[in-house]
Structure formats: C-alpha cells, structure tokens
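Structure first, commentary second.
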Amino acid sequence: MVENVEECTHLLVPQLDVTRKLVHGLVSGCWLGALDYIQQIKVHPYTHTVSDPTVAHISEYIQNLEYMPVPQRPELPANSPIDLSNVSWLPDRRRQHLFDAKMFVFVDKTQYDKYLPVIKKSGGSCVMLPNVEEWVQSPNHSTSELEAQ
C-alpha cells in the first residue's frame with residue numbers, strides 16, 4: 001500500500017466516493033477497481049511471482065504485461081447526488097487536462113497543500129490568499145479589511 005497515488009498502476013477502493021485520492025488516481029491514469037481485484041489476480045491463469053516486490057518493480061512488471069484482468073468497478077455510493085453509473089472509470093489521459101485554465105483560490109494553507117498536487121496534475125493552478133490566516137486569527141478583524149486586500 002502506498003500513500004502517493006502517482007506511484008500506482010491500480011487504485012482499489014470499496015466504493016466510488018469522490019475523494020482527493022480517487023480524483024488523483026483518475027488524473028494519473030490508474031485503473032480503478034473493487035477491493036476483490038487482488039482475488040481476481042490470484043486466480044488468473046498467468047499469475048507470476050515478482051522476485052523483488054518493491055513498488056517500482058511491481059509497477060514495471062504490471063506495465064509490461066500483455067494481459068491483466070480488467071478490475072471490476074467498485075460499488076457506486078447510494079447517496080451520490082450525481083448519477084455515476086454512466087461515467088467511464090477506465091484510465092483516460094484526457095483527465096490530465098480536466099482543470100486546464102482553471103484557478104483554485106484557497107484561504108487555508110492545509111487545504112492548499114493537500115489539493116495542490118492533484119490540481120496541478122490535471123492542468124489547474126492554485127493561489128493562496130495572502131494574510132487570510134492572520135486576518136482570521138486577529139481579534140479585531142472585519143470583512144471590509146479583507147475586501148480591501
């Protein structure tokens with residue numbers, strides 16, 4: 001299991017909840033699959049053992065295979081406000097341009113740092129409003145001061 005989705009060829013999730021990690025996987029061209037994909041591979045007739053099971057070697061091995069089973073789509077969330085049943089979840093390099101010419105404005109440094117990689121990977125840019133955190137923490141702030149900036 002890796003923390004950085006960009007190191008993955010496949011992203012296995014229990015259901016298709018739209019999270020930062022899922023979007024990063026889509027933008028990075030990962031295959032999305034249900035958690036039982038590991039079982040699919042185990043029963044695959046052409047299963048082989050990788051002698052050095054590091055992320056780099058496994059990724060290289062998978063990319064060089066001519067045939068891998070297609071992962072089954074994870075469950076769709078029942079409470080989604082969007083009809084996700086008609087969405088293609090297959091790898092699609094066009095997603096790297098999903099946010100082309102789009103700018104995201106952040107007022108929180110933690111959120112900025114969290115979303116910057118996936119926004120940049122998909123063609124967008126991020127801006128952190130200056131002094132907002134200081135302004136919010138100051139005891140005598142007003143909205144007119146922020147609007148003047």
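The values are calculated or read from the model by the stated rules, or taken from the named source; none is laboratory data. Quick caveat: nothing in here was measured; it's all calculated off a predicted structure. Neighbour counts run over all protein chains shown; Cβ positions are idealised from the backbone, glycine included. Note: accessible area is taken over every heavy atom of the protein model, side chains too, but ligands, DNA and RNA are not part of it. Shrake-Rupley method; radii C 1.70, N 1.55, O 1.52, S 1.80 Å.
Worth a mention:
- When the residues of segment 42-82 are filtered to those that are of a type in the set (Val, Ile, Thr) and over 23 Å from the mean Cα position of the chain (by Cα), the one that is modelled with the lowest pLDDT is Thr47.
- Filtered by the rule that a residue be open to solvent by less than 60 Å² (accessible area, probe 1.4 Å), in contact with a strand residue (DSSP E or B) (Cβ under 8 Å, 6 or more places away or on another chain) and in a loop (DSSP other than H, G, I, E, B), segment 9-34 gives Thr9, Val13, Leu16, Cys30, Ala34.
- In segment 118-141 there is no residue matching the filter, namely being of a type in the set (Ser, Thr, Tyr), in a helix (DSSP H, G or I), at pLDDT 90 or above and surrounded by 12 or more Cβ atoms within 10 Å (Cβ to Cβ).
- In segment 64-113, the residues that are in a helix (DSSP H, G or I) and surrounded by fewer than 11 Cβ atoms within 10 Å (Cβ to Cβ): Asn64, Arg93, Arg94, Thr110
- Whichever residue in segment 83-132 is more than 18 Å from the chain's Cα centre (by Cα) and among the charged types (D, E, K, R) and, among such residues, is nearest to Leu22 (Cα to Cα): Asp83
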